[in-house]
Structure formats: structure tokens, C-alpha cells
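The values are calculated or read from the model by the stated rules, or taken from the named source; none is laboratory data. On a predicted model such as this, the values are computed, not experimentally measured, just so you know. We place every Cβ from the backbone using ideal geometry, glycine too, and count neighbours over all the protein chains shown. Heads up: the accessible areas ignore ligands, DNA and RNA and are worked out on the full protein's heavy atoms, side chains in. Shrake-Rupley method; radii C 1.70, N 1.55, O 1.52, S 1.80 Å.
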Amino acid sequence: MDKEELLSLMRARSYRPMTAAELMSSLGINDGEAFLKMLNYLEEEGYIVRTRKEKYGLPEKMGLISGYVHSSTKGYAFVVPREKERQDVYIGALNLNGAMHGDLVLARVLPASTGRRQEGEIIRVLKRANKRVVGTFTAAGRLSFVVPDDARLNQDILIPPENTLGARVKDKVVVEITRWPEPRRNPEGRVIEILGPMDKPGVDVLSIIKKYDLDPEFPPEVLREAESLNREIDPGELARRRDLREWRLVTIDGADARDLDDAVSVAALPDGNYLLGVHIADVSFYVREGSALDREAFNRGTSVYFVDRVIPMLPPRLSNDICSLNAGEDRLAISVLMTITPRGTVKDYELFPSVIRVRERMTYDAVRSILEKGDPELSQRYRELVPDFRLMAELAAVLRTRRENRGAIDFDFPEAKVVLDDRGIPVEIIPRRRTVAEGIIEEFMIAANEVVARHLYELAVPAVYRVHEEPAADKMEELNKFLAFFGLHIRPGRDGKVKPRAFQEILLNVKGRPEERVISTVMLRSMMHARYAGQCLGHFGLASPYYCHFTSPIRRYPDLVVHRILRETWSPSGLTPQRLAELETFVARAASRASERERLAEEAEREALDMKKVQYMERHIGETFTGVISGVVPYGFFVELDNTVEGLVHVSNLVDDYYHFQEEKLALVGEHTGRTFRIGMPVKVLVARVSVDARQVDFELVDVLSEPEEKEIVPHTKEKRRRKAVAAEVGARGKVSERKRSKRNKARRVRL
């Protein structure tokens with residue numbers, strides 16, 4: 001019996017809590033040791049509860065809630081239940097009972113709970129999330145303590161004199177908690193690592209790295225294995241591969257990229273079709289299953305990219321050298337050649353191991369300058385490749401149009417690049433939007449990922465897929481409440497399901513309007529988070545039934561697994577039933593681990609970027625900037641500057657009137673003047689206060705640059721056609737009704 005079968009049994013209405021022995025007897029289980037292990041695991045993870053009488057049942061059937069603690073900076077917290085359909089439970093500071101932010105806990109709802117918000121208390125901590133904490137060492141008299149960097153861990157950690165490791169005041173340190181908090185008692189710990197003075201260059205980012213338990217260093221056995229790999233390609237391996245070294249292949253990446261794992265080629269075929277080649281570094285040839293390199297890559301899951309450094313999934317000897325598709329060097333690859341029609345349909349494809357030699361290492365800026373500006377110097381330097389770049393842009397536009405026609409959703413948010421000086425201090429924030437060069441690579445990689453996913457699916461072999469499920473019903477309800485303010489609504493299809501095209505129509509309707517950014521952001525937050533899975537569940541955002549990650553095996557473990565499985569399908573012996581069963585189990589584990597590590601990496605990268613943005617603004621206190629109102633809340637409104645930094649104008653700084661939040665209008669409205677602040681209004685603000693520790697910027701309003709007229713959002717062409725058809729239908733019904741009324745009235749007059 002597996003986990004799901006046992007939980008299904010316990011969910012049955014007829015189930016009553018049983019002891020382990022009673023469960024084994026009723027289920028006819030002989031392997032008691034394995035069954036007890038499963039019970040212990042389920043109890044530790046909060047899926048089941050063991051009572052004082054040693055009986056097992058589900059938390060929800062015992063009036064309990066299993067979930068994670070989400071603490072606020074003000075001391076209170078919420079328990080977010082594992083069961084998504086249940087609402088969060090408010091936990092007052094006095095009812096935390098030693099639980100900290102991120103802990104997995106059991107809570108019970110207090111009988112005195114009234115109103116819409118449930119209140120509860122934590123009765124048991126199942127799993128601790130903060131065994132190690134990063135913070136700033138400080139002292140007060142004879143007491144030493146560490147202030148956590150994460151403000152949600154809102155208790156200082158006491159450090160006994162013998163456990164300071166020689167740390168000095170204002171040092172950034174890593175603390176291991178030795179005693180968990182209790183009511184009215186702070187946690188205790190010992191310093192296990194000193195990162196350096198808090199103002200030393202690089203320590204700020206290193207603190208975030210340690211906070212998320214990321215390891216910049218590789219274990220010695222992994223480095224030794226990497227060093228033992230031969231850079232020279234064996235002639236026998238070359239003979240087993242298709243030789244594409246004479247093809248015109250290029251890489252197109254950011255200027256600072258070092259791990260180049262994809263190269264592209266394109267050609268116009270005589271029949272009017274395109275031949276697109278996507279050539280990916282064959283990392284699976286070097287990182288063999290079960291090796292030290294493989295185990296480390298599995299644990300890391302992904303490379304993590306910070307503003308000033310990279311923590312790679314694979315050692316630099318592989319990621320930057322042997323596997324990286326550096327120009328002018330022979331490299332092993334897995335190639336996919338696609339024959340694509342002028343309408344963007346993949347007519348045919350080939351997948352095979354290859355050996356390649358990249359002609360040029362191109363950057364996004366260089367390709368954009370050639371295509372958009374016709375830069376004479378670059379055009380002359382790369383004159384042999386310029387026709388290829390033009391053909392690539394043409395094909396990318398074809399592929400993009402096809403994606404849009406099937407309803408793919410495109411959130412075109414600007415990305416911010418923070419430029420640092422040699423001391424790690426931010427000197428500039430550059431917003432970057434996707435250009436024709438980024439578009440080429442994006443479309444080509446999507447095409448290759450779709451082809452490989454469909455290929456594996458049709459082979460019926462286990463694989464790791466990239467999945468994006470349709471939004472949850474409650475999220476859609478909340479989103480439509482928000483969109484209603486703008487006269488918009490997302491309608492489900494005839495089958496009752498929301499289609500990607502409905503999202504796409506909204507984005508097209510608001511394109512170019514002041515509120516475009518905030519509507520796009522709210523829509524994105526309403527959607528499910530993409531993840532990895534062992535089943536092909538489709539990709540909602542791309543409106544694609546088959547999707548996987550194949551194109552970045554240097555920096556993503558799922559891509560490496562996909563490569564490995566492809567190689568096995570090409571083996572003369574094929575995949576045995578036993579091997580298929582092994583892979584089925586492994587891809588589920590790999591998908592779960594990769595999803596978890598991806599989320600952690602995203603959080604760490606976002607926090608480091610936000611920190612650098614706030615540091616940049618700290619140097620501009622007292623200066624004015626322009627931006628737009630990106631959100632309105634009861635206590636003020638948020639403003640996003642042109643450089644993508646967001647800050648708050650608190651309602652207390654609006655001194656010309658008393659302002660009240662009108663939820664139905666998503667606006668702050670003056671009590672006497674009627675002055676209104678709403679989403680999308682362009683404003684000028686002054687940087688008043690900055691807190692790097694809290695990652696917070698406070699603005700003061702200087703001026704409203706222009707107050708946009710309230711007018712209906714002009715529908716996109718397709719929406720116009722739909723509305724026109726509905727209006728015509730309603731009008732026709734109205735004319736019929738009018739004729740019927742006229743006949744009824746005439747008959748009534750005759751009777752009179």
C-alpha cells in the first residue's frame with residue numbers, strides 16, 4: 001500500500017482512528033517495518049495525526065489544521081493549510097507556542113473564533129524550517145544576540161558567551177539554533193560561521209546565499225571527478241555522431257553569460273519551408289547517472305544567478321569549459337532539426353547526437369544592433385552571418401504569430417539589470433525589454449522543447465515535463481472582481497474551463513494603457529506556478545499540450561534527465577520493462593526536487609535583486625523620480641518608477657485632505673476635495689526614506705503629472721467582433737419582441 005491509498009482509506013466516511021496494529025490487520029499488511037516507516041513519514045509531514053491513544057487519523061477529521069506558518073513582521077502569523085480549499089488561520093503572537101516562520105505545524109481553531117477570519121493556536125511543531133539563521137551580531141552589555149536578516153523571524157537569537165566564535169558587533173554571521181523559542185523566551189543559538197563585517201563588499205549577497213542554504217563550493221569528490229574528464233573528444237565517439245562542424249552555427253546570449261548551452265542555425269529550403277537547427281550541449285555524455293557529479297547536480301537542481309555572481313549546478317570546468325559551446329571549439333551536442341512551414345507548423349523533425357563547432361559567440365545587443373539599427377561596423381564584421389540573422393528574425397516572427405493564434409499568453413514585463421561597481425555598490429538600474437534578438441532565441445527554444453516533449457510522449461517513455469496547469473476557480477473569481485473595475489471579465493469556454501486565449505484577449509485589450517502593467521501583474525499572480533512533473537499535463541501559458549525543458553542541461557537538472565532518456569531511447573537494446581519502472585520512479589523524484597529547488601532559487605535571486613535596488617535608492621534620498629501608481633491599499637499607494645523600483649506613498653503624507661480607500665474603485669478619494677488616486681496615474685515622487693534591511697522605499701508625492709480621463713477600455717478587434725455579434729443578436733431579439741408587442745396591443749384594442 002502506498003501513501004495515497006492509505007490517505008484515501010482514512011478519508012472514507014466509515015473510517016475511525018485505528019492503531020498501527022489495527023490498520024495492518026484490517027489491510028492485511030505483512031511488512032510491518034515498511035508500513036510503520038510510512039506512518040512515521042506521514043505523521044512528520046502533517047498528513048496524519050497520532051493521538052495519545054496511539055491511533056491514527058486525518059487532522060481535518062480531528063478539528064486540526066496541518067500547514068505552514070507565515071509570520072508577519074509585527075509578531076502575528078497565519079497557518080496556510082496543506083488543503084488548498086481551506087482558509088488561512090490567524091495566529092496571535094501569544095498562541096505561536098514556539099513556532100517560527102516557515103515551520104510545518106498542527107494548529108487548532110479556537111472555539112471563540114467569530115466572523116470571517118478563523119483564529120487558532122499552534123499545538124505542535126512538526127518540522128522546523130530555520131535550523132540555521134543568518135543575521136547581524138550585536139551586543140548589549142554582557143548579552144550577545146543575533147538579529148535575523150529575515151524580519152519575519154521577529155525574535156533576536158540569544159548567544160551565550162562561549163558560543164560567539166569571536167564574532168564582533170555588526171558582523172554578519174550564521175547561527176545554529178540550539179534551543180527553540182518558548183512563550184516569553186527567545187531562542188538560543190551558537191555562531192557557526194562568520195561571513196564578515198556587514199559593510200564589506202559582497203557580504204550582503206553572501207548573507208542571502210547562506211540564508212537560503214546555497215553552497216558556492218563543490219565537494220572535493222565532485223571537483224576531482226570534474227577534473228578527471230578529458231577535454232579531447234575520443235575519435236570513436238566522433239564516428240558515432242553526425243558531424244555538423246561545417247554548419248554555420250552561432251550562440252546568442254547576454255554579454256556576461258559564461259555557460260553557453262544552446263546554439264542555433266537556420267536555412268531557407270527550396271520548397272519555401274525553413275530548416276531550424278537547435279543544438280544543445282550534450283552534458284549527459286559527461287555527467288553519468290549515479291556519479292558524484294550527478295548526485296550533486298540532483299541536489300542543487302539549478303544554477304542560481306545573482307547580481308554579482310553565479311552558483312552553478314555543475315563545476316566551472318564543465319559549465320564554463322568542457323560543456324560550454326565556446327566558439328571555434330569542437331563540442332558534443334544533441335541536435336534537433338525542424339522543418340517548419342511558412343505558417344509556423346513543424347512539418348518534420350530529426351533528433352540525434354552530433355558534434356558541432358560554433359562560428360561566432362554573438363550577444364543580444366550585437367544581433368539587435370544589426371537587425372534594428374543596421375549597425376555598419378557590426379554588419380561588416382559579421383557579413384557572412386547577417387543573412388542568417390535576418391532569416392532567424394523572420395522565422396521567429398512566424399513562430400510567434402502561430403503561438404499567438406493558438407492563444408499563448410505573453411507577459412512582456414521589463415527586466416531590471418543592476419550595474420555594480422568593483423565594490424559591489426549599485427550605480428545604475430537599467431530596465432531591459434525583450435528585443436528581436438531575445439525573441440529569436442525564445443521562439444527557437446520553445447519550438448525545440450515542444451518537439452522533444454511530444455517525441456518522448458509518443459514514445460511512451462517516462463520523462464520530466466514542464467507543466468503549467470489552468471488557474472484555480474477561486475483565483476479566477478478574485479481576478480474577475482479586480483478586472484470588473486476596468487470593465488473586463490475573463491469568461492470560461494463552453495466546457496466551463498478557462499482557456500489561455502481569454503487571458504490573451506485581456507492583455508491585448510489593455511496594451512499601451514497606463515494600467516497595463518498592474519493588470520498584467522495581477523493576472524500573472526492569479527495563475528498557477530509552472531513546475532516539473534513526471535506526467536505530460538500541458539502548458540497553459542504557452543497553450544501547448546506538450547512541453548518539457550530540453551535546452552539548458554548545463555544549468556537545469558530536468559533538461560539533463562531529458563537528454564539522458566533520449567540517449568537511452570537511441571540505444572540498440574532500448575528500454576527494458578525493469579528500466580522503464582526505474583525511470584518512472586526516478587522522474588517523479590527528480591521533478592519534485594527540481595521544482596522545490598527552482599522556487600528556492602527564484603526567491604534568493606529576487607531578494608538579492610530587490611536588495612540592490614534598495615541600496616541604489618539609498619544613494620538618491622531627497623531626489624525626485626517619475627513613475628506610475630501600481631497599487632492602491634487602505635494605507636496609501638505604491639508607485640513603480642521608470643527604473644522598476646517600487647515604493648510606498650503612505651496616506652499620512654497626503655496632507656491636503658483626509659483620504660479614504662474605496663475598494664470598489666481601487667482608489668484613495670479625498671473626503672473634502674474628491675481628489676482621487678488610482679492605478680495607472682503618472683506621478684512625480686520624492687525619495688523620503690530607505691531601509692535596506694526591510695527592503696523598503698518610502699516616497700512622498702510631489703505632483704500628479706496628468707490625470708487620465710476615465711474612459712472605457714477599447715476592446716481588441718476579436719472582442720469587438722464578439723460584442724458586435726452579441727449586440728446584433730440582442731437587437732434582432734428586440735425587434736422581434738417589438739413586433740410581438742405591437743400585435744398584442746392591436747389584438748387588445750380589437751377586443752376592447
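Scanning segment 212-251 for residues that are among the small types (Gly, Ala, Ser) and more than 30 Å from residue 599 (Cα to Cα) yields 228, 236, 239. So, of the residues in segment 363-384 that are assigned to a helix (DSSP H, G or I) and of a type in the set (Ser, Thr, Tyr), which turns out to be most open to solvent (accessible area, probe 1.4 Å)? By that ranking, first place goes to 364. For segment 659-678: of the residues being in contact with a Leu (Cβ under 9 Å, 6 or more places away or on another chain) and open to solvent by less than 40 Å² (accessible area, probe 1.4 Å), which is nearest to residue 615 (Cα to Cα)? Once the filter is applied, the top-ranked residue is 677. Set side by side, the residues 401, 339 differ, and just one is closer than 15 Å to residue 275 by Cα, touching a residue at least 24 places away in the same chain (Cβ under 8 Å) and open to solvent by 10 Å² or more (accessible area, probe 1.4 Å), which is 339. Here 328, 290, 344 are screened, and the one residue that is small (Gly, Ala, Ser) and either within 26 Å of residue 403 (Cα to Cα) or touching an Asp or Glu at 6+ places or on another chain (Cβ under 7 Å) (or both) is 344. Residue 502 meets each of the listed conditions (1) among the small types (Gly, Ala, Ser); (2) crowded, with 18+ Cβ neighbours inside 10 Å; (3) in a helix (DSSP H, G or I) apart from (2).
Somewhere in segment 437-455, is a residue basic (Lys, Arg) and more than 30 Å from residue 83 (Cα to Cα)? Yes, there is a match, as at least one residue in segment 437-455 is basic (Lys, Arg) and more than 30 Å from residue 83 (Cα to Cα).
Results for (1) of a type in the set (Val, Ile, Thr); (2) farther than 30 Å from residue 485 by Cα; (3) open to solvent by 40 Å² or more (accessible area, probe 1.4 Å); (4) in contact with a Cys (Cβ under 7 Å, 6 or more places away or on another chain), shown as yes or no for each residue.
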position: 589; (1), (2), (3), (4): no, yes, yes, no
position: 596; (1), (2), (3), (4): no, yes, yes, no
position: 617; (1), (2), (3), (4): no, yes, no, no
position: 657; (1), (2), (3), (4): no, no, no, no
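Might you let me know whether segment 599-606 holds any residue that is surrounded by fewer than 22 Cβ atoms within 10 Å (Cβ to Cβ) and either farther than 18 Å from residue 209 by Cα or without any contact (Cβ under 8 Å) to a residue 12 or more places away in the chain (or both)? There is at least one residue in segment 599-606 that is surrounded by fewer than 22 Cβ atoms within 10 Å (Cβ to Cβ) and either farther than 18 Å from residue 209 by Cα or without any contact (Cβ under 8 Å) to a residue 12 or more places away in the chain (or both). Among the numbered criteria (1) farther than 25 Å from residue 123 by Cβ; (2) surrounded by 11 or more Cβ atoms within 10 Å (Cβ to Cβ), which single criterion is violated by residue 22? For residue 22, the failing item is (1). Residues of segment 137-180 that are closer than 30 Å to residue 78 by Cβ, of a type in the set (D, E, K, R) and either in a strand (DSSP E or B) or open to solvent by less than 50 Å² (accessible area, probe 1.4 Å) (or both): 149, 150, 172, 176, 179. So is residue 528 touching an Asp or Glu at 6+ places or on another chain (Cβ under 8 Å), open to solvent by less than 70 Å² (accessible area, probe 1.4 Å) and in contact (Cβ under 8 Å) with a residue 24 or more places away in the chain or not? Taking the combined requirement at face value, the residue satisfies it. Checking residue 32 against (1) surrounded by fewer than 14 Cβ atoms within 10 Å (Cβ to Cβ); (2) at positive phi; (3) of a type in the set (Gly, Ala, Ser), which single condition isn't satisfied? Every condition holds for residue 32 apart from (2). Considering only segment 626-653, state which residues are in a loop (DSSP other than H, G, I, E, B) and either of a type in the set (Asp, Glu) or open to solvent by less than 10 Å² (accessible area, probe 1.4 Å) (or both). Within segment 626-653, 642, 645 qualify. Condition test on residue 622, is it touching a strand residue (DSSP E or B) at 6+ places or on another chain (Cβ under 9 Å) and at pLDDT below 95? So residue 622 does not fit the description; no. Candidates 437, 333, 396: the one that is touching a Lys or Arg at 6+ places or on another chain (Cβ under 8 Å), open to solvent by less than 40 Å² (accessible area, probe 1.4 Å), at negative phi and of a type in the set (Gly, Ala, Ser) is 437. Sub-8 Å Cβ pairs linking a first residue in segment 612-627 that is of a type outside the set (A, V, I, L, M) to a second residue that is at pLDDT below 95 and assigned to a helix (DSSP H, G or I), at least 6 apart or interchain, are 615/204, ordered by first then second residue.
Looking across segment 361-383, the residues that are under 32 Å from the mean Cα position of the chain (by Cα) and touching a residue at least 12 places away in the same chain (Cβ under 8 Å) come down to 361, 362, 363, 364, 365, 366, 367, 368, 371, 372. Is it true that residue 458 is open to solvent by 60 Å² or more (accessible area, probe 1.4 Å) and either under 26 Å from residue 547 (Cβ atoms) or under 28 Å from the mean Cα position of the chain (by Cα) (or both)? Answer is yes for this residue. When only residues in segment 241-266 that are basic (Lys, Arg) and in contact with a Pro (Cβ under 9 Å, 6 or more places away or on another chain) count, which is surrounded by the fewest Cβ atoms within 10 Å (Cβ to Cβ)? The selected residue is 242. Put simply, of 463, 447, 453 the only residue that is open to solvent by less than 20 Å² (accessible area, probe 1.4 Å), more than 30 Å from residue 514 (Cα to Cα), part of a loop (DSSP other than H, G, I, E, B) and out of contact with any Ser or Thr (no Cβ under 7 Å at 6 or more places or on another chain) is 463. Note on segment 187-227: residues that are of a type in the set (S, T, N, Q) and exposed (fewer than 14 other Cβ atoms within 10 Å of the Cβ) amount to 0.
If you go through segment 50-68 and pick out every residue that is assigned to a loop (DSSP other than H, G, I, E, B), more than 12 Å from residue 120 (Cβ to Cβ) and either of a type outside the set (Ser, Thr, Tyr) or modelled with pLDDT of 90 or more (or both), you end up with 4. Among the residues of segment 40-69, none is identified as of a type in the set (Phe, Trp, Tyr), surrounded by fewer than 14 Cβ atoms within 10 Å (Cβ to Cβ) and under 21 Å from residue 88 (Cα atoms).
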